[in-house]
Each structure stands twice: as structure tokens, then as C-alpha cells.
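I have placed the structure first, in the form of C-alpha cells, so that the comments after it can refer back to it.
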2 protein chains.
Amino acid sequence: MALFEKGELKVRRIQVKKTSSSSTSSPPSPLLIVAPEVEGTYPVLQFLHGWCMLNTSYTDLLELISSHGFVCVAPGDQCDLTTIVTCCGNDDVESAAAVTDWMPSGLQPVLPDKVEPDFTKLALAGHSKGGKTAFALAMGLAETSLKFSCVIGIDPVAGSSVSNQPKPKILSYIPRSFGLTIPVAVIGTGLGSQGKGILPPFAPNGVNHAEFFLESKPPCCYFLAKDYGHADMLDDWMIKLTSWVCKSGEGDKELMRRGVAGIVVAFMRAFLQGDSEDLNAIVKTPGVAPIQLDPVIFVEA
Amino acid sequence: MALFEKGELKVRRIQVKKTSSSSTSSPPSPLLIVAPEVEGTYPVLQFLHGWCMLNTSYTDLLELISSHGFVCVAPGDQCDLTTIVTCCGNDDVESAAAVTDWMPSGLQPVLPDKVEPDFTKLALAGHSKGGKTAFALAMGLAETSLKFSCVIGIDPVAGSSVSNQPKPKILSYIPRSFGLTIPVAVIGTGLGSQGKGILPPFAPNGVNHAEFFLESKPPCCYFLAKDYGHADMLDDWMIKLTSWVCKSGEGDKELMRRGVAGIVVAFMRAFLQGDSEDLNAIVKTPGVAPIQLDPVIFVEA
């Protein structure tokens with residue numbers, strides 16, 4: 001299925017530094033932007049990385065997504081010592097909101113010529129703790145001038161256990177209780193809840209993908225990448241590093257990245273662009289994906 | 001709504017002892033049976049009590065249910081010292097299965113004259129740990145000669161935490177993963193996940209109603225009795241006892257019992273008797289119930 005291959009558009013990586021000048025175009029965080037190079041107006045995906053990850057660890061994934069016609073904006077300052085220490089507050093949510101608010105004035109000037117962002121079609125995604133931050137931001141725990149049209153959690157994690165969840169605590173253990181009315185996609189990993197040797201898992205049961213899906217209101221969809229681990233959608237070099245502490249699947253990680261990218265694209269086509277054909281195809285026949293997805297669930301509105 | 005009042009049928013309580021004789025009519029467990037006294041053929045509900053509870057603590061609830069035309073069979077031997085010690089194995093499931101298997105030969109003779117059980121319409125329910133046992137039995141973890149047509153968990157609990165679940169462990173933290181194809185109803189309590197003072201809760205987050213609902217396949221429905229506690233559907237005398245250790249709601253417990261009984265009756269009417277009118281009414285207008293139900297969710301097949 002073409003959706004799970006690299007798309008037709010050539011893409012460009014753009015790194016934007018956070019400068020200390022008062023220039024209005026300076027973003028509040030350093031950014032990795034991946035955008036089509038072909039003239040056009042494209043929907044925008046803001047992507048929040050996982051705890052202690054680099055935004056640049058997701059370059060392959062973001063390129064796959066962007067090549068299907070999306071501008072991806074991944075802030076990258078949530079990895080310094082300060083933010084590790086303060087990671088238990090609302091800082092991540094505020095910081096992500098600041099990037100959202102920067103986009104209307106700042107994004108277009110750094111994109112390739114004749115490439116325009118369409119902020120009326122704005123999606124929000126995040127991986128791991130970034131997934132939780134994405135849900136928190138979409139719920140309005142920080143204010144933004146732009147409105148998100150849908151939210152995607154990629155193996156989202158809310159803490160190390162049910163009884164140990166950093167603030168802001170968003171899980172309530174009540175079905176469909178999230179204060180969110182926009183469509184939700186949750187992509188889980190089957191091995192994320194397993195530890196590596198004696199180390200604890202990165203996406204423990206009770207605070208992972210399943211709980212995020214449970215608390216989401218329809219329309220919401222769920223995809224479990226059964227045979228892959230919590231970090232297996234990162235770039236290969238980063239998977240090599242994380243695989244010392246994070247259980248990784250046996251399968252080809254390129255297939256995992258293509259699987260995740262394809263789901264994200266199908267979901268955004270459905271809920272940003274009004275074209276549900278690809279999403280319905282995956283839901284009806286999960287075997288079209290290059291990785292085993294089991295279960296796949298779509299609860300319509 | 002009449003469903004939430006006492007039904008029109010007069011009912012009789014029947015206690016059947018477990019005798020040590022080899023009489024074929026002796027049940028494998030002592031039983032509390034509550035049955036209509038009016039001539040007729042009625043569906044059967046097997047009801048499994050909670051950990052360290054007595055089957056007789058549910059008399060009011062079972063009478064309410066039975067008065068709408070159901071024969072309720074509640075085994076009661078899961079409270080002696082031996083079973084407290086062995087409660088971490090499959091014994092409860094085997095013990096419940098033995099009662100199911102006794103019913104075809106043993107039940108009819110102990111019922112009022114001209115009252116017949118219809119074993120083609122058999123439901124299984126349980127409270128607290130008994131709710132988990134009900135799911136385990138419905139999944140076939142012990143064999144039974146009769147087939148259950150639907151299963152109901154009343155504030156079901158699978159353990160004291162995600163990482164501490166007595167065997168048989170049935171939760172997998174994957175949506176819709178239960179090996180069950182019969183309809184499921186889950187009734188949760190809003191206060192069950194809160195401890196009494198410094199005591200731990202009886203229905204902790206991560207192992208309670210929400211997770212049971214998440215792992216159920218459609219058709220499944222969910223009702224949260226928001227303002228009531230884990231034991232608030234028991235008889236008043238038992239609520240008084242448990243309220244020293246188990247958080248209880250402020251509201252009238254008779255309303256809670258009528259609320260729970262009405263849901264159970266509506267669900268059995270829908271999935272044993274093919275009449276979905278009452279269930280649909282509750283789902284559409286939760287306000288028809290005498291207690292606040294929020295949320296109410298019905299995921300159809």
C-alpha cells in the first residue's frame with residue numbers, strides 16, 4: 001500500500017536554532033522542521049519527542065510523513081538538564097504551547113520557497129512522554145492561539161506506574177473521560193510494557209497506550225504494533241543506543257517506521273483533510289500495513 | 001422507571017446446605033437461591049460474591065433482580081479460612097464451575113412449585129473479586145456443561161495493583177483482548193478507587209472496572225455509579241460493617257441497589273431475552289436511573 005512507502009514529495013530538513021536575540025522569528029525552542037520542497041500548501045504536524053530523546057532521533061519517521069504532504073515541526077529543547085529536573089511540572093506543556101504560538105509568524109519564513117503551512121489543518125503528535133504532553137496540550141492545559149484538529153499518541157506514557165505519574169496527571173481511570181473532543185489516534189507497541197532484563201519497562205501497563213485509548217472519546221482509533229518495542233520508530237542509530245536499556249523488536253525497524261508513518265498519514269488524511277479511505281482500509285484490513293497490527297480498533301463518533 | 005423499582009413477582013429465599021452425603025442433589029457449595037414464587041420458566045443468574053464476603057450479604061440486590069423474573073443462584077463457600085489462603089489460585093473458578101455443573105440436576109428440585117429454570121438463558125455475574133472470577137469462568141478457565149450467554153462485572157477487581165494480581169491473571173492491558181465473545185456489562189463505582197483514610201482502596205486504578213471494560217469485546221456496556229463505593233450494593237448491615245475499611249458514598253444505598261439491579265435486569269433482558277428496550281433507554285438517558293451514572297457507554301457489536 002503506497003501509504004506505507006515513502007511518498008512522492010521530495011522533502012527538506014530544516015534546523016532552526018533558538019537564538020537569544022529578540023528577533024521575532026526566533027522560535028522559543030530549537031526546531032527540526034521537515035517539509036515538502038514542492039510548491040504547495042500543506043497541513044502541519046507538531047511533533048513532541050520522548051523524555052531524554054532528541055527531536056533529531058525521529059528524522060526518518062518525520063521524512064516519511066512529510067513526503068506525503070505534511071509540514072512537520074519538532075521542538076527539541078526538552079532534553080537539557082534543567083528540563084530533566086523540571087520534567088515533573090507543566091513546563092513541557094507550556095514549552096510545546098510556545099512553539100505552537102510561534103508558528104503563525106515564524107514558520108512560513110523558514111520553509112522552502114512557495115511552501116505554505118495551512119494552520120487550519122493542524123495535528124499534534126508525540127512519542128512516549130511527548131505523547132502524554134501532546135494529550136495535555138490538546139486538552140488545553142496550556143493555551144494556544146491555534147486550534148489542533150486531531151491528536152496522535154505514539155506509545156504514549158504517563159508515568160512509571162499507576163501510583164507514580166508526574167504532573168500534570170491526566171489519567172483518571174474512567175473510560176472516555178479525557179477533556180478532548182477532537183479525534184484521537186493511539187499507536188501502542190507490544191513490547192513497550194516489557195522490561196529489558198531486570199530494567200523496568202518504558203511503557204508500563206496501567207499508564208501506557210491502552211489507558212490513553214480507554215480514556216479517549218470517539219472518534220478514536222487504536223493500533224498495536226505487536227512485535228515492536230517502545231523506541232523502535234526512532235532512527236536506527238538511536239535505536240542502537242536505546243536498545244541497551246529498552247526492549248526492541250526482532251523485526252526490521254524501517255518497516256516499523258513506515259508502519260507508524262502510514263498510520264499517522266492515514267489518520268491526518270481522515271481528520272485534517274476529510275479523506276477516510278486509507279484509514280478505513282487499515283481498519284478493515286490491518287494486513288495492508290508492513291508490520292503486524294493487532295488489534296486495530298476504530299470507534300466512530 | 002419501573003425497572004429500577006422492585007418487580008411485580010413475589011420472591012422466595014432458599015438456602016441450600018452443602019451436605020457431606022453423596023446425595024446427587026447436594027450442591028458443591030452452600031447456596032443462597034432467590035427465585036420468583038409465581039409459576040413460570042425463568043432465566044438464571046449465577047452470582048459470585050466478593051472476597052471475604054457472604055453470599056447472604058447480597059440478599060436485597062438478588063431479591064430486586066429476582067422480582068423481575070430471574071432465578072438467582074449465589075454460592076457461598078468462598079469465605080472460609082482455607083479459601084482465603086488459597087484464594088490466589090484457580091480454586092474460585094473451579095468452585096464456581098462446579099456450581100454451574102450442579103444446576104441442571106440440582107436446581108429445579110429446590111425451587112418453588114411450578115418454577116422452572118431455563119438454562120438456555122444463563123447469565124453470570126460477580127462482585128469485586130467475584131467479578132474477576134466470573135470473567136475467568138466465562139473465558140473457560142474452568143469447564144462447564146452449561147454455556148453462559150452474558151457476563152456482568154459489578155465493580156470487578158483483579159488484584160491490589162497492576163503488578164500484584166493473584167492467579168489466574170486475566171488482564172493483559174490490551175484493548176478488547178479478553179477471550180470472550182459473549183456480551184459484557186461492567187458496573188463500576190466512583191469511590192472504589194479511593195482508600196478509606198490511610199487504608200488502600202478495594203478497587204484500585206489499573207485493576208478495576210475501567211480495565212475490565214477496556215479489555216472486553218463488543219457488545220459491551222459500561223456504567224459508572226459515580227457517587228458510590230465498592231461495597232455500596234450490599235445489604236445495609238454489611239455496608240455498616242465494611243464502611244470501617246471501605247469508602248462508602250453519602251447517598252441512600254437502597255437507591256444504589258436498585259440502580260445496580262435495574263442495570264443487571266436491563267442487560268439480561270437485552271442479551272438473554274432479546275429485548276433491548278430498557279438497556280437502550282438507560283444508555284440514551286442515564287437520568288432514568290435512581291443514581292448518577294456517568295459515564296454510560298454501550299459499544300455495539
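Residues being over 25 Å from A:G259 (Cα atoms) and either crowded, with 20+ Cβ neighbours inside 10 Å or of a type in the set (V, I, T) (or both): count how many of those fall in the range A:160-182.
Pass one, the range A:160-182, residues over 25 Å from A:G259 (Cα atoms): A:160-181.
Pick out the ones that are also either crowded, with 20+ Cβ neighbours inside 10 Å or of a type in the set (V, I, T) (or both) and you get A:162, A:170-171, A:173-175, A:178, A:180-181.
Matching residues across the range A:160-182 total 9.
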Within the range A:95-115, considering residues that are of a type outside the set (A, V, I, L, M, F, W, C) and surrounded by 15 or more Cβ atoms within 10 Å (Cβ to Cβ), the one nearest to A:K10 (Cα to Cα): A:P112
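What about A:A301, is it under 16 Å from A:P183 (Cα atoms) and within 14 Å of chain B (Cβ to nearest Cβ)?
Values: under 16 Å from A:P183 (Cα atoms): yes; within 14 Å of chain B (Cβ to nearest Cβ): yes.
It is true that A:A301 is under 16 Å from A:P183 (Cα atoms) and within 14 Å of chain B (Cβ to nearest Cβ).
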Residues of the range B:30-47 classified as surrounded by 21 or more Cβ atoms within 10 Å (Cβ to Cβ) and in contact with a Pro (Cβ under 7 Å, 6 or more places away or on another chain), total: 4
Checking B:R258 against (1) more than 27 Å from B:K6 (Cα to Cα); (2) in contact (Cβ under 8 Å) with a residue 12 or more places away in the chain, the condition it does not meet: (1)
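Within the range B:22-41, can one find any residue that is part of a strand (DSSP E or B), at pLDDT 90 or above, within 13 Å of the chain's Cα centre (by Cα) and of a type in the set (A, V, I, L, M)? Steps first, please.
Here is the first cut: in the range B:22-41, the residues part of a strand (DSSP E or B) are B:31-36, B:40-41.
After this cut, where a residue has to be at pLDDT 90 or above as well, the list is B:31-36, B:40-41.
Going one step further and asking which of them are within 13 Å of the chain's Cα centre (by Cα), we end up with none.
Scanning the range B:22-41 turns up no residue that is part of a strand (DSSP E or B), at pLDDT 90 or above, within 13 Å of the chain's Cα centre (by Cα) and of a type in the set (A, V, I, L, M).
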Qualifying positions in the range B:266-301 - touching a Leu at 6+ places or on another chain (Cβ under 7 Å) and modelled with pLDDT under 95: none
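Would you confirm whether or not the range B:54-70 contains a residue that is aromatic (F, W, Y), at pLDDT 95 or above and under 17 Å from B:S128 (Cβ atoms)?
Kept after step one, since they are aromatic (F, W, Y), are these residues of the range B:54-70: B:58, B:70.
So of that shortlist, the ones also at pLDDT 95 or above come out as B:58, B:70.
Imposing the further condition that a residue be under 17 Å from B:S128 (Cβ atoms) reduces the set to B:58.
So far as the range B:54-70 goes, yes, one or more of its residues are aromatic (F, W, Y), at pLDDT 95 or above and under 17 Å from B:S128 (Cβ atoms).
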Residue match in the range B:122-139 (condition: among the basic types (K, R) and surrounded by 20 or more Cβ atoms within 10 Å (Cβ to Cβ)): yes
Checklist (1) away from every other protein chain (no Cβ under 14 Å); (2) in contact with a Ser or Thr (Cβ under 9 Å, 6 or more places away or on another chain) applied to B:G262, failing item: (2)
Count of residues meeting criterion [polar (S, T, N, Q) and surrounded by 24 or more Cβ atoms within 10 Å (Cβ to Cβ)] in the range A:48-71: 3
Wholly enclosed strands (runs of 3 or more DSSP E) of the range A:140-251 bearing at least 1 residues facing another protein chain (nearest Cβ under 10 Å): A:184-189, A:220-225
Of residues in the range B:279-298 being touching a strand residue (DSSP E or B) at 6+ places or on another chain (Cβ under 8 Å) and of a type in the set (V, I, T), the one nearest to the other protein chains (Cβ to nearest Cβ): B:I297
Residue check for A:A98: within 14 Å of another protein chain (Cβ to nearest Cβ) and either of a type in the set (K, R) or touching a Ser or Thr at 6+ places or on another chain (Cβ under 8 Å) (or both): no
Checking A:L124 against (1) within 11 Å of chain B (Cβ to nearest Cβ); (2) more than 22 Å from B:V162 (Cβ to Cβ); (3) not in a loop (DSSP other than H, G, I, E, B), the condition it does not meet: (1)
Subset tally (residues that are outside any helix (DSSP H, G or I) and surrounded by 17 or more Cβ atoms within 10 Å (Cβ to Cβ)) for the range B:252-275: 1
Subset of the range A:284-295 (residues that are surrounded by fewer than 19 Cβ atoms within 10 Å (Cβ to Cβ), under 20 Å from A:F213 (Cβ atoms) and of a type outside the set (S, T, N, Q)): A:K284, A:P286, A:D294, A:P295
Residues of the range A:205-224 that turn out to be surrounded by fewer than 24 Cβ atoms within 10 Å (Cβ to Cβ) and either more than 27 Å from A:E300 (Cα to Cα) or under 17 Å from the mean Cα position of the chain (by Cα) (or both), as a count: 0
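In the list B:K121, B:K114, B:K132, which residue meets the criterion of being in contact (Cβ under 8 Å) with a residue 24 or more places away in the chain and on the phi > 0 side of the Ramachandran plot? Before you say what the answer is, go through the steps one by one.
Values: B:K121 fails: on the phi > 0 side of the Ramachandran plot; B:K132 fails: on the phi > 0 side of the Ramachandran plot.
None of the other options fit; the residue is B:K114.
The values are calculated or read from the model by the stated rules, or taken from the named source; none is laboratory data. All figures in this text were calculated on a predicted structure; none of them were measured in a lab. Virtual Cβ from ideal backbone geometry, glycine too; neighbours counted across all protein chains shown.
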